[in-house]
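Encoded as structure tokens, the structure appears first; notes follow it.
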Amino acid sequence: MASRHSTKGTAKAGYTRTAPATAGRAAAMPAGQRGGLTGRQWAVVASGVAIVLVAIIVGWSVASNRGGSTAAAGSTAAAGSVSDGTVVQASGGQWTNITPAKLTSMLKTKDFTLLNVKTPYSGEIAGTDLYIPYTDLAARAAELPADKSAKVVVYCRSGHESAIAARSLLDLGYTNIDNLDGGMIAWTANGGQLIQVAR
């Protein structure tokens, strides 16, 4: 009687290759009962992971912008007062992102240096003391207040360049820094005006 097992492809005569006993059973099982996931199951898992990642990213984005949009509502400490803003931690210190409403309140009793860092120059808020492009802060540090604990409020068009400037001011040793959250765009959207000065 001839062997049912094939010897094709073997180097030694008499050696028979057989498939594992479980291979035939696995092939006969429905796909849902096999050990691994099917393509459809992987697609469902991947979709779930993608949804969770999107939710995390959107949540982080909303949370990071919340300080600028809700701070204008005011503080509960006193009627008509405005929240101090959102504190941003950075290496070397911190600064506070303030709202246009907070800056308006601060300008009524101005006791700080208002610094426009937008490059190129595209106008400024009335009461601005200095215009130094954010890229030139270190080179023009002599124009900044000598007292490193003096309050400096920085702004630009959107808040991006002024955030970089706030980091530069920290590197220069300044410890009392505010950044206009949303910059001149937020300022004008909240009814503020811009002026043009020959700089």
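The values are calculated or read from the model by the stated rules, or taken from the named source; none is laboratory data. Computed from a predicted structure; not experimentally measured. As a convention, Cβ positions derive from the backbone with ideal geometry for all residues, glycine included, and neighbour counts pool all protein chains shown.
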Scanning segment 156-173 for residues that are within 16 Å of the chain's Cα centre (by Cα) and among the aliphatic types (A, V, I, L, M), the one surrounded by the fewest Cβ atoms within 10 Å (Cβ to Cβ) turns out to be ILE164
Q. Does at least one position in segment 101-112 carry a residue that is modelled with pLDDT of 90 or more, touching a strand residue (DSSP E or B) at 6+ places or on another chain (Cβ under 9 Å) and assigned to a strand (DSSP E or B)?
A. no
Please verify whether ASP129 is modelled with pLDDT under 95, within 16 Å of ASN179 (Cβ to Cβ) and not polar (S, T, N, Q), treating the condition exactly as stated.
no
When (1) assigned to a loop (DSSP other than H, G, I, E, B); (2) farther than 18 Å from VAL87 by Cα; (3) not aliphatic (A, V, I, L, M) are applied to THR188, the one that fails is (1)
Checking ALA150, ALA142 in turn, the sole residue that is surrounded by fewer than 17 Cβ atoms within 10 Å (Cβ to Cβ), without any contact (Cβ under 8 Å) to a residue 60 or more places away in the chain, among the aliphatic types (A, V, I, L, M) and outside any loop (DSSP other than H, G, I, E, B) turns out to be ALA142
